[in-house]
Structure formats: C-alpha cells, structure tokens
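Peer 1: Okay, here's the structure, questions in a sec.
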Amino acid sequence: MGKKMMNIAVRFFALSIITLSMTSQAAWRSDECEAARNKLLEPLRKAKIKECQSDPKNDAAWCERFYADYGNATSAGGGKMNRRMYDDIPECKEKK
C-alpha cells in the first residue's frame, strides 16, 4: 500500500471514530432527555387518563391509549407541528 493510500485510510478511520463518538454522545443525551421528560410527564398523563375514565361514556382502555403519548409533539394541521412538552429542560438542551 502506498504512502498516500495509507494516509487516506488513517484519516478515514479517525473520522469514523470521531463520528461514532459524536453519535453515541447524542444518543446518550437523547436517552437522558427522554427519561427526564417521561418522569415529568407521567403524573400529567395519569391525571388525564383518570379524568377521561371518570366520564362513564368513555372506555377505560381507550383513555389509556389516547393519553399514552400525552405531551409529545402533535400535528397542528397545515404541515405544522405543536412542540412537545418539556423539550426545554436542561437534560434536553444540547450541551456545548
């Protein structure tokens, strides 16, 4: 293998390692963010489910399914999205 090819291979390998490291850091931050959000959202979801189930016209299982993702991003129509709740907590902000 020529010197030029070896140099290219080393640079490619180094770039791959850096990319992999950045990807796993982003995934870790994402997991940390989701865990923190779910901890905050769980009592709100339970309250919404309980409120829904208190109406005798509503099926209990339907209420649980309907509010299972309460607080996540939702479609606002016209191609727009409503932001998810608690996206601004420190665990979800990108660390610089």
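The values are calculated or read from the model by the stated rules, or taken from the named source; none is laboratory data. Just so we're clear, the structure is a prediction, and the values are computed from it rather than from any experiment. Don't worry about glycine lacking a Cβ; one is built from the backbone with ideal geometry, like all the others, and counts go over all protein chains shown.
Peer 1: Determine, yes or no, whether Ala9 is in a helix (DSSP H, G or I) and modelled with pLDDT under 95.
Peer 2: Yes: the conditions hold for Ala9.
Peer 1: Give the residue that is farthest from Lys39 (Cα to Cα), with candidates limited to residues of segment 71-83 that are out of contact with any strand residue (DSSP E or B) (no Cβ under 7 Å at 6 or more places or on another chain) and surrounded by 11 or more Cβ atoms within 10 Å (Cβ to Cβ).
Peer 2: Arg83
Peer 1: Kindly indicate whether Lys50 is out of contact with any helix residue (DSSP H, G or I) (no Cβ under 8 Å at 6 or more places or on another chain), surrounded by 13 or more Cβ atoms within 10 Å (Cβ to Cβ), assigned to a helix (DSSP H, G or I) and not aromatic (Phe, Trp, Tyr).
Peer 2: no
Peer 1: Given the criterion closer than 26 Å to Arg84 by Cα, at pLDDT 60 or above and either exposed (fewer than 10 other Cβ atoms within 10 Å of the Cβ) or among the hydroxyl-bearing types (Ser, Thr, Tyr) (or both), identify the matching residue among Ala68, Ala35, Ala61.
Peer 2: Values: Ala68 fails: either exposed (fewer than 10 other Cβ atoms within 10 Å of the Cβ) or among the hydroxyl-bearing types (Ser, Thr, Tyr) (or both); Ala35 fails: either exposed (fewer than 10 other Cβ atoms within 10 Å of the Cβ) or among the hydroxyl-bearing types (Ser, Thr, Tyr) (or both).
Residue meeting the stated conditions: Ala61.
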